[in-house]
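The values are calculated or read from the model by the stated rules, or taken from the named source; none is laboratory data. Values in this document were obtained by computation on a predicted structure and should not be read as measured data. Here Cβ is always computed from backbone atoms with ideal geometry, including for glycine, and neighbour counts include all displayed protein chains. With ligands, DNA and RNA removed, areas are computed over all heavy atoms of the protein, side chains included. Shrake-Rupley method; radii C 1.70, N 1.55, O 1.52, S 1.80 Å.
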Amino acid sequence: MAYQTLKYELEEQILTITLNRPEKLNACTALMQNELIDAFDRVNREDDARVVIVTGEGRAFCAGADLSSGADTFDRDARRGPVRRRADGSVDYSDPGISDAGGQIALGVFKCLKPVIAAVNGPAVGMGVTMQLAMDIRIASEAARFGFVFSQRGIVPEGGSSWFLPRIVGIAQALEWCYTGRVFSAEEALACGLVSKVVPPDQLGPTARTLAREIIEKTAPVSIALIRQMMWRMLGADHPMEAHKIDSRGIYARGRSADGKEGVLAFLEKRPAVFKDSVTKDMPDYFPWWTEREYK
């Protein structure tokens, strides 16, 4: 698929997805939404893509939803026609047309089997920040600014942020940012745990790529895919026994794998490991999340 609003560049096993509407501060349109969903589905099928970096072209990461529709920007019925109604006239909330765009992007990122690094080069507000929450590591330029501005637009946070944000920064900080809708600095984002590092603008790309290279050169791709899903999914577990069950399956399956044997031998022989198992062919079947059951 040729993208119109994204750059999709795979080099040395690092896939860089660049939001590419710089003249509009990379504001998200329906087309960009669909292209992002496609890109994150595509990366799961590309074994040569080991780590994903997401950034923005120009001076912004993403200015949120494109507001060029004016007052009807967030009015689903006005923009695309009425959603389904029940016999009594009430809204049928099972209509897929109600599914918010930011949430569809976030869920696509959530299901990714590769580590995802957000390299936040500039302003990131609304959808521009909620789409980052399902990414694993956020590194910010000193020029970055963040804002959960939904209350100031008369709407509510989207993109699954009511699930992600409190888990990342805690409920009190999440509520303060969402209540006020204020835009805040990269330094505040760092202090509150939203980002893991703030660097000068010219060091953002190199810093993200150095981290990506460390993952690529030292780790097993299938192990990384499993770790990513285990960590995120277990945030919703109600008892550590659920994690123990998944951990036990993982240790059993990976311990018997070629990678599991290679990792131990490489350590004992004091040499770099050569991991040959691939995400497209060697993912174990004990995780229901990508076999018989998936959230719709």
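Checked against (1) in contact with a strand residue (DSSP E or B) (Cβ under 9 Å, 6 or more places away or on another chain); (2) under 16 Å from CYS28 (Cβ atoms), PHE150 passes all but condition (1). Considering only segment 48-66, I want to know if a residue exists there that is in a loop (DSSP other than H, G, I, E, B) and either touching a His at 6+ places or on another chain (Cβ under 9 Å) or modelled with pLDDT under 95 (or both). So far as segment 48-66 goes, yes, one or more of its residues are in a loop (DSSP other than H, G, I, E, B) and either touching a His at 6+ places or on another chain (Cβ under 9 Å) or modelled with pLDDT under 95 (or both). Does THR55 qualify as being free of Cβ contacts under 8 Å to residues at least 40 places away in the same chain and either closer than 26 Å to VAL279 by Cβ or open to solvent by 10 Å² or more (accessible area, probe 1.4 Å) (or both)? It is false that THR55 is free of Cβ contacts under 8 Å to residues at least 40 places away in the same chain and either closer than 26 Å to VAL279 by Cβ or open to solvent by 10 Å² or more (accessible area, probe 1.4 Å) (or both).
Among the residues of segment 219-245, which ones are without any contact (Cβ under 8 Å) to a residue 24 or more places away in the chain and in a helix (DSSP H, G or I)? Of everything in segment 219-245, those that are without any contact (Cβ under 8 Å) to a residue 24 or more places away in the chain and in a helix (DSSP H, G or I) turn out to be ILE227, MET230, MET231, MET234, PRO240, MET241, GLU242, ALA243, HIS244, LYS245. Looking only at residues in segment 67-93 that are closer than 27 Å to GLU23 by Cα and assigned to a helix (DSSP H, G or I), which one is nearest to the chain's Cα centre (by Cα)? Across segment 67-93, the extreme among qualifying residues is ARG76.
So for segment 27-36 (the condition being of a type in the set (A, V, I, L, M), part of a helix (DSSP H, G or I) and open to solvent by 10 Å² or more (accessible area, probe 1.4 Å)), does at least one residue qualify? Checked segment 27-36: at least one residue is of a type in the set (A, V, I, L, M), part of a helix (DSSP H, G or I) and open to solvent by 10 Å² or more (accessible area, probe 1.4 Å). Out of the residues in segment 210-239 that are small (Gly, Ala, Ser) and over 16 Å from the mean Cα position of the chain (by Cα), which is surrounded by the fewest Cβ atoms within 10 Å (Cβ to Cβ)? Among residues in segment 210-239 that are small (Gly, Ala, Ser) and over 16 Å from the mean Cα position of the chain (by Cα), the one surrounded by the fewest Cβ atoms within 10 Å (Cβ to Cβ) is GLY236. Taken together, LEU165, LEU175, LEU133 contain a single residue that is out of contact with any Cys (no Cβ under 9 Å at 6 or more places or on another chain), touching a residue at least 24 places away in the same chain (Cβ under 8 Å) and within 30 Å of MET234 (Cβ to Cβ), which is LEU133. Being of a type in the set (Lys, Arg), assigned to a helix (DSSP H, G or I), surrounded by fewer than 22 Cβ atoms within 10 Å (Cβ to Cβ) and at pLDDT below 85 is a property that does not hold for ARG42.
Mind listing just one residue for me: the one in segment 104-121 that is in a helix (DSSP H, G or I) and open to solvent by 10 Å² or more (accessible area, probe 1.4 Å) and, of those, farthest from LEU226 (Cα to Cα)? The selected residue is GLN104. Looking at SER69, SER94, just one residue is more than 16 Å from MET131 (Cα to Cα), of a type in the set (Ser, Thr, Tyr) and out of contact with any Asp or Glu (no Cβ under 9 Å at 6 or more places or on another chain), and that residue is SER94.
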